[in-house]
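Let me begin by presenting the structure, written as structure tokens, before commenting on it.
The values are calculated or read from the model by the stated rules, or taken from the named source; none is laboratory data. Note that the coordinates shown come from a computational prediction; the quantities given were computed from them, not determined experimentally. Using ideal geometry, Cβ is built from the backbone for each residue, glycine included, and neighbour counts are taken over all protein chains shown. We work out accessible area using only protein heavy atoms, side chains counted, and drop any ligands, DNA or RNA first. Shrake-Rupley method; radii C 1.70, N 1.55, O 1.52, S 1.80 Å.
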Amino acid sequence: MKIIDAHMHFSNIAEFRKTASDVSFVDYSVRGIVKEYKENQVVLGIGMGLTEIEKGGFPDPSTLTPMGMDLDKLPYNIVYCAGINPYDADPEALKRLELEVQKKNVVGLKIYLGYYPFYAYDEVYKPIYELAMKYKLPVVFHTGDTYSERGLLKYSHPLTLDEVAVKYREINFMMAHFGDPWVLDGAEVLYKNRNMYADLSGLIVGDGAKVQRLKDSPLFFAHVRHALVYTDCYQKFIFGTDWPLVPIKPYIQFVKELIPVEYHEDVFYNTALKVFPKIKAFL
């Protein structure tokens, strides 16, 4: 089965490097991701544009919009969503962003709710949604827990996405991490709004042994299973890893066990094509 990893990272972020070396034990490099993808039939990765100027400074308010992928030269099978810093959203920043989204390998926009203290419906993001409509691009939101103590959780709650999903019906939105741990609230937002999808990335941070231990726990992911059943529409979920926070192979197995086998083709491949139409040129 061919797989699309619809949420990964390839940025020179100090915390990503530390996690790769000390927690997930992955080779956070071009060589590492190419090898893991090849071994696991992952045909394409969709990276989330993110940069920091101050080492260890993410979320860094001084970075420029658009944020890209600066770990190394991108491998042939990785595209990305341009990251938005709401502190850099003046006309010049928007001009740069519009030029960026016209690149073939820019397939969406990424908004980091919780990392930056703005709600999804804040006026600062209105030009971003207008640009998404103009170029028919999806918008990905970080939701749920933040991988930084400096994040503010009230901004990343999945219920805050309902307002933009209603206001901008022409845009496909993706709720990263399914709003975990508020997945039942996220499930309602998905169930209600035809233009809202969710990725299943980032539910575990750790190595293969930790993935095995948590996926076999009778309680740890009971809330996720409950929310998936509540939504009752597996075609609205998309596979993602949040690499380098977890190795690829055990995370694929984890998600396979969450999703009924008859929906594997949708979750691991088909729905990503629907939400990110520009990626068809790379497959």
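Miscellaneous remarks
- Odd one out for Ile84 among (1) open to solvent by 30 Å² or more (accessible area, probe 1.4 Å); (2) touching a helix residue (DSSP H, G or I) at 6+ places or on another chain (Cβ under 7 Å): (1)
- Of all residues in region 224-252, those satisfying the criterion of being under 21 Å from Gly47 (Cα atoms) and either without any contact (Cβ under 8 Å) to a residue 12 or more places away in the chain or in a helix (DSSP H, G or I) (or both) are Lys236, Ile248, Lys249, Pro250, Tyr251, Ile252.
- Failed item in (1) open to solvent by less than 60 Å² (accessible area, probe 1.4 Å); (2) closer than 20 Å to Tyr251 by Cβ; (3) touching a residue at least 40 places away in the same chain (Cβ under 8 Å), with Gly47 passing the rest: (3)
- In region 1-24, the residues that are surrounded by fewer than 15 Cβ atoms within 10 Å (Cβ to Cβ) and either under 17 Å from Val211 (Cβ atoms) or in contact with a helix residue (DSSP H, G or I) (Cβ under 9 Å, 6 or more places away or on another chain) (or both): Met1, Lys2, Asp22
- Enumerated helices (runs of 4 or more DSSP H) restricted to region 105-198, each holding at least 3 residues that are within 20 Å of Cys233 (Cβ to Cβ), at pLDDT 95 or above and open to solvent by less than 20 Å² (accessible area, probe 1.4 Å): 183-192
- Region 52-64, subset farther than 15 Å from His142 by Cα and open to solvent by 10 Å² or more (accessible area, probe 1.4 Å), residue modelled with the highest pLDDT: Leu64
- If you go through region 231-247 and keep only what is open to solvent by 10 Å² or more (accessible area, probe 1.4 Å) and over 15 Å from Met174 (Cα atoms), you end up with Asp232, Pro247.
- Inter-residue pairs, beta-carbon under 9 Å, first assigned to a helix (DSSP H, G or I) and in region 83-96, second open to solvent by 50 Å² or more (accessible area, probe 1.4 Å) and not charged (D, E, K, R), 6+ apart: Ala93/Leu64; Arg96/Leu64
- Candidate set: region 199-224, residues that are of a type outside the set (S, T, N, Q) and open to solvent by 80 Å² or more (accessible area, probe 1.4 Å); chosen: the one nearest to the chain's Cα centre (by Cα): Phe220
- Residue satisfying all of: in region 260-283; open to solvent by 70 Å² or more (accessible area, probe 1.4 Å) and either assigned to a helix (DSSP H, G or I) or in contact with a Cys (Cβ under 6 Å, 6 or more places away or on another chain) (or both); nearest to Cys233 (Cα to Cα) among these: Glu262
- Checked against (1) surrounded by 19 or more Cβ atoms within 10 Å (Cβ to Cβ); (2) within 18 Å of Thr146 (Cβ to Cβ); (3) in contact (Cβ under 8 Å) with a residue 40 or more places away in the chain, Val79 meets all criteria but (2).
- Residue that is most open to solvent (accessible area, probe 1.4 Å), among those in region 94-104 that are closer than 24 Å to Leu44 by Cβ and touching a Phe, Trp or Tyr at 6+ places or on another chain (Cβ under 9 Å): Lys104
- Condition met for Lys256 (of a type in the set (Lys, Arg) and modelled with pLDDT of 95 or more): yes
- Residues located in region 124-149, provided they are out of contact with any Phe, Trp or Tyr (no Cβ under 8 Å at 6 or more places or on another chain) and over 27 Å from Pro277 (Cα atoms): Asp145, Tyr147, Glu149
- Among the residues of region 204-216, just one is under 18 Å from Pro260 (Cα atoms) and part of a loop (DSSP other than H, G, I, E, B), namely Asp216.
- Screening Gly56 with (1) free of Cβ contacts under 8 Å to residues at least 24 places away in the same chain; (2) on the phi > 0 side of the Ramachandran plot gives one miss only, at (1).
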